[in-house]
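Take a look at the structure set out below.
The values are calculated or read from the model by the stated rules, or taken from the named source; none is laboratory data. Fair warning: this is a prediction, and the values are worked out from it, not measured in the lab. Counting neighbours? That spans all protein chains shown, and the Cβs are built from the backbone with ideal geometry, glycine included. Please note that ligands, DNA and RNA were not included when accessible areas were found on the heavy atoms of the full protein model with its side chains. Shrake-Rupley method; radii C 1.70, N 1.55, O 1.52, S 1.80 Å.
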Amino acid sequence: MVLDSANQFRPAAPPVFNVKDKNSEYYKNVMLVKEAVENLTDEQKHIANFWDDNPFKVNVSGHIMFSSKKFSPPGHWMSIVGIANKTAKGDFNTATYAFAKTAIALFDAFIHCWDAKYAYNTVRPETVINKYFDINWRPLLQTPAFPEYTCGHSTISSAAAEALSSVYGDHLSYTDSTELEFGIPNRTFKSFRDAAEENNLARFYGGIHFHNSCLVSTEKGKLVGELVVARLKMKK
């Protein structure tokens, strides 16, 4: 909708696959996520689960298989728009503008991210760790069935944060109650960018992304969000 092309902000290639050299960047990234998941605090687990946003989690128990449905990542951010407008006491026009601008930022951020995912087609931490280090290792969150690099949730979160900051300001403090209906306690943020940065950590704590991927995704998602902000203005 706003991007000139899907690869407008395509990131550089991720670290080269190398699980034999302990000094390689790739090996260090693998160990970083492995050790993080094995030593999570209760707070880190809360952060990961709060931002999980798995719209179709598959649960397997013996011969029983069933799915649990929650908000998707963009659904979570659209919920935040409503919370933000209520917190800021915004009027109908402001709410409409915020929903539209955030939705466009999310849309283009996903296009950007999926271009990168299938340009590089990288393996997830769970697959690497199970094959080369520990067959029984499991991430906290369920690994999605598409390439690892870059991180979709980190990308769209930073894009949405820019869109929302342009409407409600850089320092709107709010309490996100989106996940409460799924039994996950609320979290409070000092700003939209604060929330996006926490999401960055959430995918790493969850064990489904390398930390490097989250950092790159946040940077590129911000660029998408800034482009949306620059090009979309509300007429007075």
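Take the conditions under 30 Å from residue 90 (Cβ atoms), assigned to a helix (DSSP H, G or I) and of a type outside the set (Lys, Arg) and apply them to residue 194. Does it pass? When the stated conditions are applied, residue 194 passes them. Applying the condition of being crowded, with 17+ Cβ neighbours inside 10 Å and aromatic (Phe, Trp, Tyr) to the range 64-110 and asking which residue is nearest to residue 1 (Cα to Cα) yields 107.
Of the residues 219, 198, 162, the single one that is touching a residue at least 40 places away in the same chain (Cβ under 8 Å), charged (D, E, K, R), under 30 Å from residue 122 (Cβ atoms) and buried (at least 20 other Cβ atoms within 10 Å of the Cβ) is 162. Right, residue 17: outside any helix (DSSP H, G or I) and touching a Lys or Arg at 6+ places or on another chain (Cβ under 7 Å) or not? Against the criterion (outside any helix (DSSP H, G or I) and touching a Lys or Arg at 6+ places or on another chain (Cβ under 7 Å)), residue 17 does not qualify. Pairs are defined by a Cβ separation below 9 Å, a sequence spacing of at least 6 or placement on different chains, a first member in the range 130-153 that is within 16 Å of residue 57 (Cα to Cα) and in contact (Cβ under 8 Å) with a residue 12 or more places away in the chain, and a second member that is aromatic (Phe, Trp, Tyr) and outside any loop (DSSP other than H, G, I, E, B); the pairs so defined are 140/205; 141/205; 146/114; 146/118.
Candidates 8, 44: the one that is in contact (Cβ under 8 Å) with a residue 40 or more places away in the chain, of a type outside the set (A, V, I, L, M), out of contact with any Asp or Glu (no Cβ under 8 Å at 6 or more places or on another chain) and open to solvent by 50 Å² or more (accessible area, probe 1.4 Å) is 8.
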